[in-house]
Structures are given as structure tokens and as C-alpha cells.
Amino acid sequence: MGNVRGFTRSQALYSVVAVCAAGLLMDLPAAVGMPPMPLAPGCDPPAFPPTFLVTQSDGWTVDLPAASGTKLQGTATAKSPSGETLLGRVSGGLTGEDKISFIVNWDNGHRSKYFGNVDPDGAISGGRQDLRPDGGPDHTNWRASLVILCNKIAPNEQPPPPEPQPNPQPEPKPPTVLGTLEVLIPTDVWDAPDGKGKKVGVSVPFGRDVQIIGEGCRDGWCNVAVPEAPGGVGWVFQLHFRRL
């Protein structure tokens, strides 16, 4: 009888411990062991900060132009660890609540596609692809210095309806590149060819490469992409360049 009572008490103690343990497990927050939730809902919507700097695994940094909302556009500036500088036109931005993709057309003829993810805490990072036909694989990774902004919405608050946009215009496509010129003599950029235009106050230095776009070359003048010129384009005297 003593042995039976001893067994019964142990069995009862085990049952109490099991019930308590089950209660503790039921009281654990549902988020334990679960992946973090994405930025939405609660964002109105995710947006870029006023400045957007990318640091690459190869040591280069890329200063992207200030953007509004989910889009990047304008002139990007890249700097190497040795101080070399490149300029390029950038287009793209957020492609969803947790994806980013943009392309930079560099003034040295390279064309880079950046793609990545937006982490639940708003940090952004990803990889890069060289879009040149002979570019080969590109294993460069990158990370942004700042995070995506998120304007919180109160639980019972609805975001205001978007304002109607009259006749929305499609986003301009990057100009077709017809070739590349290397600067042999520093030269001014003009707003029109044949010496009939005006200087725009921008000069391209020796050794820099520029892309031929638009109307191409004719009568000793070439229509080229110059990001720092008004509109990002201009005309230069072809004899000051060597075609690559």
C-alpha cells in the first residue's frame, strides 16, 4: 500500500508539472520563433529618406540623388577608395513593400543594375549586376547608410485618399546609347550644334568618357549625355574626342 500511495503521489505531482508547463507554453507571445512582420500594414507608404548613400563591398560609395516617395531619379555620384569619381543617371526605386531595384547609366559607359530587399526594420541592402554585353558576372554587394522611412498610421485612422492626377505621363525611358567618346581636349558643352548654340557653363575634362545619344554625331558635332548639364544632355565638338 505504501508503494502504491508513493506512486500515486508521484503521478499526481507529474500531472501538476505537466499542466503548469503547458500553461506557460500557452502564455508565450505568438511572435516567439516567428519571422518578423514586413513594414506594412502601418506604413503610409514606405519612402526614401532625403539622402541615400550606398556603400559597396568593393570599397566604392554611391551618393544617390534626393528622392521623393518611392522613386529615385537624377544624377548619382560614385567615389572609389582612391578618390576617383563617376557620374551617372539613375532611375528606379521601391518595387514593393520589401523590394528595391534601380539602374545607373554611368558616364564611363558602364550600366549597373542595383537590386535588393528592405528588411523589417527598414534597412536596405542587395547586390549589383553589370548590364554591359561584355560585362561578365558582378558579385558586388551593397548596403545603404540610412533606412526606409515609415509614416505610422493610427489603428483606426485611414490614410487620406490620393489626389487625382490629371493626365499622368509615363516615366521617361533612358536614352539609347549610340556609342562612347573619350575626351582628348577639355571642351565646353553647348545647347545646340554647328556653333549656333550657347555654352551651358559646363566643361568635360581630359580623359573622361561620354555617351553619344539622341541625334548622334553630324557635321563635326555630337549629341552626348552630360549629367551636370541642364537636362543632362548637350553638344560637343567631335574633333576634341576619340570614338571608342
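Taken together, the values in this text are just the output of simple stated rules run on the coordinates, not laboratory data. Please read all numbers here as calculations on a predicted model, not as lab measurements. Note: ideal-geometry Cβ built from the backbone for every residue, glycine included; neighbour counts use all protein chains shown.
Cα convex hull, region 179-243: 69 Å³ per residue, rounded to a whole number.
Within the shell of other residues whose beta carbon sits under 13 angstrom from the beta carbon of G207, the net charge comes to -2, with Lys and Arg scored +1 and Asp and Glu -1. Under a 5 Å amide H cut-off, with hydrogens placed 1.01 Å from N, D58 pairs with N141 among residues at least 5 apart or on other chains.
Within the same chain, lysines fewer than 8 places from K71 are excluded, and of the rest, those with a Cα less than 18 Å from its Cα are K99, K113, K173. Shape summary: region 52-147 maps onto an equivalent ellipsoid whose semi-axes, from the alpha-carbon gyration tensor, are 20, 14, 14 Å in decreasing order.
Close amide H contacts of F241 (hydrogens built in the peptide plane, cut-off under 5 Å, sequence separation of 5 or more or a different chain): L184. 3J(HN,Hα) along region 92-106: x, x, 6, 10, x, 6, 9, 10, 9, 7, 8, 10, 10, 8, 6 Hz, from the Karplus curve 6.51 cos²θ - 1.76 cosθ + 1.60 with θ = phi - 60°, whole Hz, x for Gly and Pro.
Using the Karplus relation 6.51 cos²θ - 1.76 cosθ + 1.60 with θ = phi - 60°, the per-residue 3J(HN,Hα) values for region 55-60 come to 10, 9, 5, 8, x, 6 Hz, with x marking Gly and Pro. Ordering of 184-196, 213-225 by packing is 213-225, 184-196, highest average first (other Cβ atoms within 10 Å, averaged per residue).
For K196, a cut-off of 21 angstrom between C-alpha atoms picks up no lysines at all, skipping any fewer than 8 places away in its own chain. Across region 175-192, rounded Karplus estimates of 3J(HN,Hα) from the backbone phi angles (6.51 cos²θ - 1.76 cosθ + 1.60, θ = phi - 60°) give x, 6, 7, 9, x, 10, 10, 9, 6, 9, 10, x, 9, 7, 9, 10, 8, 7 Hz, Gly and Pro being marked x.
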